[in-house]
Amino acid sequence: MQVLIDIDGTLCFNNKAFFFQLCNTTFALGIPAERLMGMTRTNFLAQPEVIALRSQLGADLFTYQLGWLDFHPQAILAALLIPGAVEGVAQLAELGPISYSTARFSHNQQKHAAIASST
């Protein structure tokens, strides 16, 4: 039996602290690091700097660009391992070969190569 495994929500969770800092840097928001600490996604999206960026870009482009940051190689590599994931995969490996499966894809070859190498 072939076993296919995805990363998101199966093996790892998004590292929100890292993701918010990546957004802060990428979009040059200027939010002090101490203000980002312990923030939820809802809190992050409610920050005045983020609201201003959304207004500047428009909601659709903002959502699109924010979504692509989830695929950023550094965000993928910073993901947090779910407790018990390694043990679970080891148990599944007893049933048959394990393969990684994902829907992460970009038509841009350079972006796709970076996504593939980080996963």
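Nothing in this text is a laboratory measurement; each read-out follows from the coordinates by a stated rule. The structure presented is a predicted model; accordingly, all values stated were derived computationally and were not measured.
Can you tell me the relative contact order of region 1-110? Whole percent, Cα pairs under 8 Å, sequence separation 6 or more.
Values: 92 pairs, mean separation 57.0, N = 110.
Relative contact order here is 52 percent.
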query: Can you list the residues, at least 5 places off or on another chain, whose amide H is less than 5 Å from the amide H of Ile5, using H built in the peptide plane?
result: Ser99, Tyr100, Ser101
statement: Dividing the helical contributions, -39500 (n - 2.57) per DSSP H run of n ≥ 4, by the residues of the chain yields a 222 nm value, nearest 500 deg cm²/dmol, of -15000 deg cm²/dmol
